[in-house]
Amino acid sequence: MDSRQTSGAGGETELAIEGMTCASCVARIERALSAVEGVEAASVNLATRRARVRHRGLDGERLIEAVRRTGYSARALAAATPVDVDEPARERDALRRSLWIAAAATLPLTLVEMGGHLIPGLHAWLHATVDHGALAIASFLLATIVQLGPGLRFHRTGWKALFRGAPDMSSLVSLGAGAAYLFSTVAAFAPDALPAGTAHSYFEASAIIVTLVLLGRWLEALGKGRASDAIARLARLQAPTATVVRDGVQRDVPTAEVLVGDLVLVRPGEQVPLDGEVVEGRSLVDEAMLTGEPVPVAKAPGDEVVGGTLNRHGSFTLRVTRVGDDTLLASIIRLVGDAQASKLPIQALVDRVTAWFVPAVMLLAALTFGLWLLLGPDPAFSFALVSAVSVLIIACPCALGLATPTSILVGTGRAAELGVLFRKGDALQTLADVDVVALDKTGTLTEGRPSLTDLLPAAGFDGDEVLRLAASLEARSEHPLADALVEAAAARELTLSAVEAFEAIPGYGIEGLVDGRRVAVGATRLLERLGVDAAAWAPTVSALADEARTPVLVAVDGRLAAVMGVADPVRPEAAEAVQALIAQGLAVVMVTGDHARAAQAVARRLGIRRVVAEVLPDGKAEAVRRLRAEGRRVAFVGDGINDAPALAEADVGVAIGSGSDVAIESAQVVLVRPDVRGVTHAVALSRATLRNIRQNLFWAFGYNAALIPVAAGALFAPFELLLSPVMAAGAMGLSSLFVLGNALRLRRWAPRSAARGMAQAAGRAEPLIVAEEA
């Protein structure tokens, strides 16, 4: 069972929360969850309406009950729960219905109460035609429909929160609209109970407040729906059914019921339902959702296919290798969802503010009412009521609550579309702050598919025989260079032999017995370790390295038998990626276990100035530690098993998605496509997202700082300007819409042009390469 499922096991539980409206709700639920004994950490996200709780062996019901005690509802989410892409639509539909009802009642009420200011003669005509008492009753009924119909959502949750001593945004709306409604009711039916000259009706204000807040909520729901489009689009790539072939019979079954090992038929134009291996047939498969490349990829028996990709032409049969949460598409959806539900460290500032914000606003509204009542002009009570209600309405902290999560939602969704997955949300902020990018060479800057370019046998040794012995040994190795020797032996039709006493020496090479002969294959340091004299071949080794070829030395029975050159082609996009990183103001360092001269040759080709070469596997992590000791914030990019320690050691680990599972699990950011340009996209987009968040927070804080005094009446004395509750409700809605609109700009974010980045980098480039000892 996944740790996110509610059970007695420790780990992580994810909850769906209903009823949250603002940042105060978030802070309240987090406090309630954190107070449960056994909870280690709790994080609540307003935009996704999810809570993530890390705990020690808690029953999920205890967490759900803690949320219920705060006045909200919650339900547990299992890891296998499918993404509900229709939930945002249902929320929008419910809000739209409430908005239409509120608007239908508010429009005639507004015409009756305020039409005289807009249409000359309307007020006089109404009072001459319709009885004043009937008008009052009609206004009361229309306002009541709004307050007890669409507005009931605010009163119900707002007063519950108020009685718990933890008021929220709904409390502010309920107090503001409710005060205007109740005062107007008394003014309409018992005017003598009020101070002389104060019996004015604010029915229209109470209704407009609710209608405008609902309008803002509906527009927020539209914006949040667009913000979460990335997950919805990914979820729709999942084929609902698959044509399974069992006992020679084809049957359409739900994808969720397909088992590993099942044979699945995929016809032209169909979505590949699950990950698998082609066992029969040939086709062209559109893998744009995975690679971003528009050209379909040819598939034949033995090739892997990924669920969610599109079969363009031929039919083929695949054997399912991964189902459910194990598929690549499910993993991508889960990673994007996890990142969107995470909190950035910058959110801590918002949490601290909102912890006291709503109570402070209520206190300020009470002070505003009291000061106007004591010092205001006649009718002081009316001025006091209008100003207090305006303060309550305009200070609703919707914008504060949405400022950070909506930007994260849009930013991580856009990143996923570009093939960049943030496994942890805080990596988004950390990556934006890095100033050094350390890159592994093999498989990251190079193709990771080396080939044998040189075979130079020593005197007394036959080249093909040495290659056969070395390839026999390398067949047992997982190192990328091993494939080059094995493939070269196969090309020469050499027969490999069995190996005994095989031993891999990390960072050095391998050795073992082949046909009774002691064979060692590896770097110069391996032969030095074994006491084999290779000094005479040093110039040859250096010459190969200078040509960006990795020297591989072979010793047979204690003697140097051959020197081989292996070349790993540099990725065609690597130079562009490196120059783009430099253009972003980042220092680029190559960290590799390869021969120093070979590494420097590649570095010169790519424009990298600083190289740390000939490092052992733990040396990469040490190199990262040294960079951090210089006061640098470091991102390390790698793809191999030996990169895992460095990925974990760095401030941010970035794994190439085509690399090993160990590397990916050690990283905070995963590049789905084997394209190192994804690093530049990840850094640039993380910076754009953080910039967007800061803009949102500046607006949200600045808006409240500027308009709360205006709502309280600060402009009345000098300019005789007083902000009405209706204008306050409109301004509050506009603040949230600004934040949402600003966050949605990230959907249009695109990588800057390569030419521009490389031109800027060229102006900063320096030819000198700084080589460091491992």
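See the values below:
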| quantity | calculated |
| --- | --- |
| Cβ pairs under 6 Å, 6+ apart, first in the stretch 345-372 and hydroxyl-bearing (S, T, Y), second at pLDDT 80 or above | T368/S387; T368/A388; T368/V391; T368/A712 |
| Only one of A536, A577, A548 that is in a helix (DSSP H, G or I) and farther than 20 Å from F461 by Cα | A577 |
| Candidate set from the stretch 571-585 (those that are touching a helix residue (DSSP H, G or I) at 6+ places or on another chain (Cβ under 7 Å) and either surrounded by fewer than 21 Cβ atoms within 10 Å (Cβ to Cβ) or at pLDDT below 85 (or both)); member that is nearest to A432 (Cα to Cα) | Q584 |
| Pair list, Cβ < 6 Å and 6+ apart or interchain, from the stretch 702-715 residues that are aliphatic (A, V, I, L, M) to residues that are not in a helix (DSSP H, G or I) | I708/A395; V710/L723; A711/L723; L715/L721 |
| Any hit, the stretch 667-690, residues being surrounded by fewer than 22 Cβ atoms within 10 Å (Cβ to Cβ) and at pLDDT below 80 | yes |
| Pick from the stretch 294-349, criterion charged (D, E, K, R) and at pLDDT 85 or above, ranking: nearest to A16 (Cα to Cα) | R322 |
| Hits in the stretch 501-541 - residues which are under 50 Å from the mean Cα position of the chain (by Cα), charged (D, E, K, R) and modelled with pLDDT of 90 or more | E511 |
| Odd one out for D433, checked against (1) closer than 27 Å to L685 by Cβ; (2) modelled with pLDDT under 85 | (2) |
| Residue within the stretch 639-648 that is assigned to a loop (DSSP other than H, G, I, E, B), at pLDDT below 90 and in contact with a Ser or Thr (Cβ under 8 Å, 6 or more places away or on another chain) present | yes |
| In the stretch 467-495, residue surrounded by the most Cβ atoms within 10 Å (Cβ to Cβ) [restricted to those that are outside any helix (DSSP H, G or I) and within 43 Å of the chain's Cα centre (by Cα)] | H479 |
| Strands (runs of 3 or more DSSP E) within the stretch 235-322 that include 3 or more residues of a type outside the set (G, A, S), farther than 27 Å from D675 by Cα and open to solvent by 20 Å² or more (accessible area, probe 1.4 Å) | 241-246, 249-254 |
| Residue in the stretch 44-52 that is small (G, A, S) and either under 27 Å from A89 (Cβ atoms) or surrounded by 24 or more Cβ atoms within 10 Å (Cβ to Cβ) (or both) present | yes |
| Top-ranked residue in the stretch 350-365 [being modelled with pLDDT of 85 or more and open to solvent by 60 Å² or more (accessible area, probe 1.4 Å); ranked as nearest to A728 (Cα to Cα)] | L364 |
| Some residue of the stretch 497-504 being in a loop (DSSP other than H, G, I, E, B), open to solvent by 70 Å² or more (accessible area, probe 1.4 Å) and either out of contact with any strand residue (DSSP E or B) (no Cβ under 9 Å at 6 or more places or on another chain) or over 20 Å from G443 (Cβ atoms) (or both) | yes |
| Of residues in the stretch 697-727 being closer than 20 Å to Y202 by Cβ and outside any helix (DSSP H, G or I), the one farthest from the chain's Cα centre (by Cα) | E720 |
| Test: G419 is crowded, with 23+ Cβ neighbours inside 10 Å and not hydroxyl-bearing (S, T, Y) | no |
| Filter result (assigned to a loop (DSSP other than H, G, I, E, B), over 22 Å from the mean Cα position of the chain (by Cα) and farther than 18 Å from V173 by Cα) within the stretch 367-422 | G376, P377, D378, P379 |
| Positions within the stretch 428-448 being over 22 Å from A574 (Cα atoms) and buried (at least 24 other Cβ atoms within 10 Å of the Cβ), in sequence order | L428 |
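The values are calculated or read from the model by the stated rules, or taken from the named source; none is laboratory data. Here the structure is a predicted model, which is why all the values come from computation and not from measurement. When we count neighbours, we look across all protein chains shown, and the Cβ atoms used for this are built from the backbone with ideal geometry, even at glycine. These area figures cover heavy atoms from the full protein model, side chains too; ligands, DNA and RNA do not enter into them. Shrake-Rupley method; radii C 1.70, N 1.55, O 1.52, S 1.80 Å.
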